[in-house]
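The values are calculated or read from the model by the stated rules, or taken from the named source; none is laboratory data. Computed from a prediction, not measured in an experiment: that's the story for all the values here. Reconstructed Cβ throughout: ideal geometry from the backbone, glycine too, with neighbour counts over all protein chains shown. The accessibility values were calculated without ligands, DNA or RNA, using every heavy atom of the protein model including side chains. Shrake-Rupley method; radii C 1.70, N 1.55, O 1.52, S 1.80 Å.
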Amino acid sequence: MNSMRPFLLLCVLVLVSTVARMSAVSPEVAMQKPAALPPDAPGPLYRQLPRPDAEQNRRAVEELNRRLREEFAAQPEGARQAEPIDEFKPISELPPEDRLPSAPMLVGAYAFVMLAIFAYLLSLSRRLNAVARDLAKFESQSKRP
């Protein structure tokens, strides 16, 4: 029991000093976060707007439709889109602006890609044939005594 006495005395001293220190600290300081902890998460980046009622929605839609009608009426006649054509017309009868000016470039691009694929396959077949010849030569040399 005598050997435990200094240890118990040390524990009581630590406890008393901790309680004394805690009572001397103001509540604001005691509530502060230690610097090692991460900061609190920020608040939301948006604010909740009040939802408009049905009458406000109806008035806003009517105002938008009125403005769109005014803008459409103020456009010159040439700026409006042409009506879609429902019947078939050969390309020779179409005006030049409705034809595909990029058709030759498109055909050229497809032809280039097809030629590139063909050249790659030809190169690949030549390399495979060379590897097959090398394997056959190796096998014939390894069978010799």
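At-a-glance table
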item: Gain upon complete extension [ASN129, SER17; 0.36 nm per residue less C-alpha separation]; result: 31.4 nm
item: FRET efficiency estimate (nearest 0.05) - Cβ-Cβ, MET114 to GLU93, R0 22 angstrom; result: 0.10
item: LEU37-LEU10 pseudo-label distance in nm [points 7 Å out on the Cα-to-Cβ vector]; result: 3.0 nm
item: Area accessible to solvent at ASP40, 1.4 Å probe radius, in Å²; result: 120 Å²
